[in-house]
Each structure stands twice: as C-alpha cells, then as structure tokens.
Amino acid sequence: MKKSLLIGIIILVIIVLAVVYFFSFYNILVQKDQTIKGQWAQVENQFQRRFDLIPNLVNSVKGAMAQEQKVFSDITAARTKYSGAQTTEDKVNAANQVESSLGRLLVVMENYPQLKSVEAVQQLMVQLEGTENRVAVERGRFNDVTRDYNTIVKQFPGNILAPMFGFSEKPYFQAVSGSEGAPQVNL
C-alpha cells in the first residue's frame, strides 16, 4: 500500500510539474510575443517621426533659402537693370534698387552672420541622420527580440510545444531591395 501510494504521489508530482512547466512555457511565449509587438510599435513610432519631421524640415529649408535667394536675385536684377540703363533717370532708379537690395542683404547678414539657408541645410542633414539612426536602432532592437523569440520557438521543446499553443516563428525586419543606397534630398 505504501509503495503504490508513493508511486501515485510521484506520478502526481510529475504531472503537476509538467502542467506548471507548460503554463510557464506558454507565459514565456506570450511575454516574448508581446515584446516583439511592443518593439515593432517603437519602429513604427520612429517611422512616424521620420514622416512628420522630414517634410517640415525640408519646407523650412526651402523657405529660408527662398528668402535669401530673393535678396540675391533682387541684387542681380538691379545690377542688370543698371548696366542696361540708358538714361540718367533709369540709372538712378537702378542704383536705388541696388542700394535697397544691398540694404536688405546687410540686414540679413547682420541678423544671420552665416547665411541661414546653409545652417538650415546642415540642420536638416543632422536631423535626417538622427532620425535614420533612431530608426536603425529600433529595427535592430526589433530583430533582437525577434531572434530571442524565434530561438525559443525553434529549440526543443519549443519546436513541439509552441505550435500546440498557436505560436510560430516571426519574420525579421529586412530592408527592401534598393535601400542600400542613401536617400536623396532634393531641394
């Protein structure tokens, strides 16, 4: 009687340990799956940052460059008008126009020791680089958590238990073909 009771307790303990192991394994799979989903949300968050940031920066740079370009084109037009002026009155008007344009240029130069469009372009490039670095970091983290999950799913006993619980291998983030070239910014 004692021997059969002892065998029954051992079998019961083994069954309880197996059930605890299955529940524990299932919970690990759920946790890893949620980690992958959370990390993918971070990748998408950085994509959204990129999509929000780049058009605003490009438009800011275009605006700064257009303002300064207007001053330079006004100076060029006034100089051309002066060189083509036939009468004194035309020359005076053209000279006044050159002086007015130069005055605006001096104001721009006083307010912006370096031309702001150059600074804005540099800032755009820094922001683009920072955004791309953030995206790359989040993609790398996504692939790291995906690798951890896939390792559990593919190793024994995960390769047997994971399909029973409805879990399967997850794809890694892979760059699309043609993405090996740097993006071009066309202002």
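Which ones in the range 145-175 are in a helix (DSSP H, G or I) and in contact (Cβ under 8 Å) with a residue 24 or more places away in the chain?
Here is the first cut: in the range 145-175, the residues in a helix (DSSP H, G or I) are 145-154, 158-165.
Scanning the range 145-175 gives Val145, Thr146, Arg147, Asp148, Tyr149, Ile152, Val153, Gly158, Leu161, Ala162, Phe165.
Yes or no, residue by residue, for (1) among the polar types (S, T, N, Q); (2) modelled with pLDDT of 70 or more; (3) assigned to a helix (DSSP H, G or I):
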residue: Lys70; (1), (2), (3): no, yes, yes
residue: Thr76; (1), (2), (3): yes, yes, yes
residue: Thr80; (1), (2), (3): yes, yes, yes
residue: Ala85; (1), (2), (3): no, yes, no
residue: Ala95; (1), (2), (3): no, yes, yes
residue: Leu106; (1), (2), (3): no, no, yes
residue: Pro113; (1), (2), (3): no, no, no
residue: Ala120; (1), (2), (3): no, no, yes
residue: Gln123; (1), (2), (3): yes, yes, yes
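The values are calculated or read from the model by the stated rules, or taken from the named source; none is laboratory data. A quick note: this is a predicted structure, and the numbers were derived from the prediction, not measured. Neighbour counts are summed over all protein chains in view; Cβ atoms, including those assigned to glycine, are modelled from backbone coordinates with ideal geometry.
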